[in-house]
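Here is the structure we will look at.
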Amino acid sequence: MPVMIYIHGGGFKTGGSTSYNAEYFMDRNVILVTINYRLGPLGFLSLGNNIISGNYGLKDQIHALKWIQKNIKAFGGNPDKVTLFGHSAGAISTNLHMFSPLSKGLYHQAIMQSGSAFCPSAYSLKNYTKTLGTSFLFLTGCYFDDPHASLDCLRKLKPDLFVDVEKKLHIWEGEPIVLFKPTIEIKRQNWLERIKNKFKPTSKTESEIPLLPNKPKENNYIFNVPFMIGITSADGDVFAEKYLTQNGKLAKLLNSDYRRLLQFIIEYIYASDKPEKFVEAAEIMKNSYFGEKDIGPDTDIELMNLMTDALMTYPLIRTLQSTNASKYAYYYEHMSSFGKQKHIAKYGKYYGPGHGDELHLLFYSPEMEKNMSSSDISLSKQLINYWVNFATYGDPNGNEEEKFWKPMISEDMEFLHIKNESNEMSKDFFNKYDFWKTVPLGV
């Protein structure tokens, strides 16, 4: 049977596999595997050297993929038909594995929900990684000139201390949300020649090969696989939440210093080749989304749109344009009963399906299921069909002759618009890409 491997989200600092109940998938001929990986500084602390290189959480994922390749036959699974999928940080991880020489051949298709390697929280460059890692070492009392000594010291610390110290490293009001994240590793000598010669790393030699040797860019994939990708219409709610509550208190503070603060909230600066341009970028974003208005309680929709477009829409379109692989895109705008209730309870109004709303239709939850409307149940079955069909056939339409969900090609950038009553193919939101190309983000 086809194998589906799910990587959970949580900003590379929270979450776990047990939150995702497989019941809906178990009605189909597919094997679902959910995995865990190290998070926060335990998973992504780096000094930008070969001693504390980072990406340990991604390396955990690779070990899980290898274990599945070796053992899944015993569970009735086909190791040659593996689909990797995830949400948010899990979707970012899924996409990053396409840029990693260590992941090649471990999976064959991908589904990315609300995240990709082009998201600002996907990775950071060495200068930021080293600065953050050094600050962490000072706060834990583990800073030494010899990185081996620092590593020995860290290994003796209690895990709770890692969590406590991480909280002290945020710059302003919990920003940036994602501190410890994947990083571009130092290139080891001759790693590329090893890959070109079909060198297969072993436990003794794979440390010579960087997990992420290059910054993700267009046409920079180590290997391409067919994929599905999409976002929700209010995907930025999880990032805008603190500014939309407390009567807009933090939104007003953001407005007073947006040229400085937006760089921490819109996290592109940590992966930027031109961080000095970010004041200009902040000015362009403010003028485009707010005009002459202040950032505050009365411009909540504008702030939601900025967060969604900057952190989700623009990365989505870059991902779609980055490869000629077979690809299917979706835009999720279904108003679920529980999603609407959650938004109104939190914000006093409904902005649209937020970050992770579709997960409740994919993974069983007793509490959510009892509140599902008939349209929720119908769409849940449809989404499961799409996901399982893609894992089985490489096509969300399955083996049907009539293909309703069309693959995306560069000349015809159509995506599936998932709405309450019906779905349709559309092109509406791709015009946003023209604007974001002009913003000097340096990525």
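The values are calculated or read from the model by the stated rules, or taken from the named source; none is laboratory data. Note that the coordinates shown come from a computational prediction; the quantities given were computed from them, not determined experimentally. Quick reminder, even Gly has a Cβ in these numbers, built from the backbone with ideal geometry, and neighbours come from all protein chains shown.
Of all residues in segment 220-239 being modelled with pLDDT under 90 and outside any loop (DSSP other than H, G, I, E, B), which is farthest from Y347 (Cα to Cα)?
F239
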For segment 415-426, indicate whether the set of residues that are within 30 Å of S124 (Cα to Cα) and assigned to a helix (DSSP H, G or I) is non-empty.
no
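Among the helices (runs of 4 or more DSSP H) contained in segment 15-128, which hold 1 or more residues that are free of Cβ contacts under 8 Å to residues at least 60 places away in the same chain and hydroxyl-bearing (S, T, Y)?
Numbers: elements: 40-44, 56-71, 89-96.
Result: 56-71.
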Could you please find all residues in segment 151-163 being modelled with pLDDT under 95, surrounded by fewer than 14 Cβ atoms within 10 Å (Cβ to Cβ) and in a helix (DSSP H, G or I)?
P159, D160
Flag for K242 being part of a helix (DSSP H, G or I), more than 30 Å from G394 (Cα to Cα) and touching a residue at least 24 places away in the same chain (Cβ under 8 Å)
yes
Looking only at segment 129-150, which residues are hydroxyl-bearing (S, T, Y), in contact (Cβ under 8 Å) with a residue 24 or more places away in the chain and either in contact with a helix residue (DSSP H, G or I) (Cβ under 8 Å, 6 or more places away or on another chain) or surrounded by fewer than 17 Cβ atoms within 10 Å (Cβ to Cβ) (or both)?
T134, S135, T140, S150
Hey, could you check segment 73-93 for residues that are among the hydrophobic types (A, V, I, L, M, F, W, C) and buried (at least 19 other Cβ atoms within 10 Å of the Cβ) and say which is farthest from C119 (Cα to Cα)?
V82
Whichever residue in segment 240-257 is at pLDDT below 85 and closer than 15 Å to N305 by Cβ and, among such residues, is nearest to the chain's Cα centre (by Cα):
E241
The condition of being under 21 Å from E241 (Cα atoms), outside any helix (DSSP H, G or I) and touching a helix residue (DSSP H, G or I) at 6+ places or on another chain (Cβ under 6 Å) holds, among K293, K286, only for K293
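For segment 313-330, how many residues meet the condition of being among the aliphatic types (A, V, I, L, M), outside any loop (DSSP other than H, G, I, E, B) and farther than 16 Å from H87 by Cα?
2
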Out of K252, K340, sole residue that is in a helix (DSSP H, G or I), under 30 Å from I384 (Cα atoms) and of a type in the set (D, E, K, R)
K340
Output the residue which, of all residues in segment 269-327 that are under 17 Å from Y123 (Cα atoms) and surrounded by fewer than 17 Cβ atoms within 10 Å (Cβ to Cβ), is nearest to the chain's Cα centre (by Cα).
D273
